[in-house]
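K.L.:
The structure follows.
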Amino acid sequence: MRVCPGIYFASEPSGRTAKIAGTGLAVWEVLRDFVRDQNAERLRKAFPQLSHAQITGALMYYTRYPEEVARQVEGNAAVTPEALEQRYPGLVRVVTVG
């Protein structure tokens with residue numbers, strides 16, 4: 001927490017995860033789109049419930065550990081309904097509207 005104030009670590013099934021204090025949100029969850037476009041203003045609009053300090057803490061963490069955050073974002077993106085159906089047949093029912 002000295003390096004990135006407002007960031008703590010939690011043990012989750014996927015391993016140790018950096019989280020934003022007071023929210024329960026993982027840093028990668030908040031920075032998912034930021035990793036692609038680096039748009040801090042859109043980030044602030046997407047998470048109006050987060051204080052300036054909380055967003056700054058997440059951005060500081062990303063600045064120090066960009067590979068870790070990117071790896072977590074990519075890992076989450078790989079969890080698609082199709083991938084779940086392939087791994088766990090019958091678990092997911094995909095419904096398309098159109």
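K.L.:
Tell me the per residue accessible area of the chain using a 1.4 Å probe; a whole number in Å² is fine. Can you show the working numbers first?
P.N.:
Numbers: 6820 Å² over 98 residues.
It amounts to 70 Å² per residue over the chain.
K.L.:
Below 8 Å between Cα atoms, with a sequence gap of 6+, how large is the relative contact order for the range 18-58 in percent? Mind showing how you got there, number by number?
P.N.:
On the way: 23 pairs, mean separation 16.2, N = 41.
Relative contact order of the range 18-58: 40 percent.
K.L.:
Sorted by accessible area with a 1.4 angstrom probe, largest first, how do Phe9, Phe34 fall?
P.N.:
Working: Phe9 85, Phe34 25 Å².
So, going from the largest accessible area down, we get Phe9, Phe34.
K.L.:
Something else about it: How far is helix 66-77 tilted, in degrees, relative to the longest principal axis of the Cα atoms in the chain, given as a value from 0 to 90 rounded to the nearest 10?
P.N.:
30 degrees
K.L.:
In the chain, what percent of the accessible surface is made up of carbon and sulfur (1.4 Å probe, ligands and nucleic acids excluded)? Don't skip to the answer; put the middle values down first.
P.N.:
Details: 3720 of 6820 Å².
Roughly 55 percent, rounded to a whole number.
K.L.:
Okay, moving on. Here are several values of P(r) over Cα pairs in 5 Å bins from 0, in percent: [x] 2, 10, 14, 10, 7, 7, 9, 11, 11, 7, 4, 3, 2, 1, 1, 1, 0, 0; [y] 3, 12, 23, 25, 19, 12, 5, 1; [z] 2, 12, 21, 20, 16, 11, 9, 6, 2, 0, 0. Which one was derived from the coordinates shown?
P.N.:
Here the calculated entry is [z].
K.L.:
Quick one: order Tyr88, Tyr62, Tyr8 from most to least accessible surface, probe 1.4 Å. Could you put the intermediate results ahead of the total?
P.N.:
Details: Tyr88 105, Tyr62 35, Tyr8 80 Å².
So the residues, ranked largest to smallest area, are Tyr88, Tyr8, Tyr62.
K.L.:
If you fit an axis through the alpha-carbon atoms of helix 52-64 and take the longest principal axis of the Cα set of the chain, what angle between them do you get, 0 to 90°, nearest 10?
P.N.:
Once rounded, one gets 80 degrees.
K.L.:
Give me the dipole magnitude in Debye, nearest 20, for the range 1-91 about the Cα centre, with unit charges on the beta carbon: positive for Lys and Arg, negative for Asp and Glu.
P.N.:
Values: 11 positive and 10 negative charges, 71 e Å.
Here the size comes out at about 340 debye.
The values are calculated or read from the model by the stated rules, or taken from the named source; none is laboratory data. Quick caveat: nothing in here was measured; it's all calculated off a predicted structure. So basically every Cβ, Gly included, is an ideal-geometry build from the backbone, and we count neighbours across all protein chains shown. Keep in mind that these areas ignore ligands, DNA and RNA; they rest on the heavy atoms of the full protein, side chains included. Shrake-Rupley method; radii C 1.70, N 1.55, O 1.52, S 1.80 Å.
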